[in-house]
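The values are calculated or read from the model by the stated rules, or taken from the named source; none is laboratory data. Quick caveat: nothing in here was measured; it's all calculated off a predicted structure. Because the Cβ atoms are built from the backbone with ideal geometry, glycine has one as well, and the counts that use them run over all protein chains shown. Only protein heavy atoms, including side chains, enter the accessible area calculation; ligands, DNA and RNA are left aside. Shrake-Rupley method; radii C 1.70, N 1.55, O 1.52, S 1.80 Å.
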Amino acid sequence: DQQVKQNSPSLSVQEGRISILNCDYTNSMFDYFLWYKKYPAEGPTFLISISSIKDKNEDGRFTVFLNKSAKHLSLHIVPSQPGDSAVYFCAATATNSGYALNFGKGTSLLVTP
Amino acid sequence: DVKVTQSSRYLVKRTGEKVFLECVQDMDHENMFWYRQDPGLGLRLIYFSYDVKMKEKGDIPEGYSVSREKKERFSLILESASTNQTSMYLCASSSRRTGGGYTFGSGTRLTVV
């Protein structure tokens, strides 16, 4: 049973515009959320995270928003660049569970020039 | 530069062979994980370990076993490889000290013929 859902398998955005990647979760015990970025033939790399005590976290061009009541988070990339083209995985965990992450299926982002 | 090292980037094995995938981390992380990544299915947890000689089943443990004799090393074993175990295998480690985010290895692309 998928506890973290990324309902858009792919997304295409023009360079310079905003990319918005969405993620929903079902487990109300989740209190820590992360985004990972993965290029082909490489392992995922950590991008940004947010704790449930916050509703927004920003790091340069990347911002993650958390809506706990809707069990929804989103990753905004502004402005998008061709090098951002990758698969993005949303992950969530309950910090009292030992930090095993539950991953979504990923969204493949393509940023076109 | 801290890292998680997976012993092979690419492997080709025959059906029925016993396969060992090795993972070593140099960060003194207590938690280690094995995932497989398949198109459309995202990252699925096979096994994880919170301590030496300790192991827990993930979501898809069937056909796999693991070994953690030393803190830095976590091995995934395919007892009798089958073609449906052809996949990208990703090892990760994490620590409660650093907030629980994963550091991933580069992955092993295993093909079973």
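Odds and ends about this structure:
- Residue among B:SER95, B:SER7, B:SER75, B:SER82 that is open to solvent by less than 50 Å² (accessible area, probe 1.4 Å) and within 15 Å of the chain's Cα centre (by Cα): B:SER75
- The residues of segment B:75-113 that are within 14 Å of chain A (Cβ to nearest Cβ), in contact with a Lys or Arg (Cβ under 8 Å, 6 or more places away or on another chain) and part of a strand (DSSP E or B), listed by number, are B:SER87, B:MET88, B:TYR89, B:LEU90, B:THR103, B:THR108, B:ARG109, B:LEU110, B:THR111.
- Count - residues of segment A:27-86 that are surrounded by 15 or more Cβ atoms within 10 Å (Cβ to Cβ), of a type in the set (Ser, Thr, Tyr), out of contact with any helix residue (DSSP H, G or I) (no Cβ under 6 Å at 6 or more places or on another chain) and in a strand (DSSP E or B): 4
- Test: B:VAL24 is assigned to a strand (DSSP E or B) and farther than 30 Å from A:THR107 by Cβ: yes
- Checking each residue in segment A:52-68 for being over 14 Å from the mean Cα position of the chain (by Cα) and under 23 Å from A:GLY83 (Cβ atoms) picks out only A:GLY60.
- Selection from segment A:9-23 of residues that are modelled with pLDDT of 95 or more, within 14 Å of chain B (Cβ to nearest Cβ) and open to solvent by 50 Å² or more (accessible area, probe 1.4 Å): A:SER10
- The residues of segment B:20-64 that are open to solvent by less than 70 Å² (accessible area, probe 1.4 Å), over 12 Å from B:TYR89 (Cα atoms), touching a residue at least 40 places away in the same chain (Cβ under 8 Å) and more than 9 Å from every other protein chain (Cβ to nearest Cβ), listed by number, are B:VAL24, B:GLN25, B:MET27, B:HIS29, B:GLU30, B:MET32.
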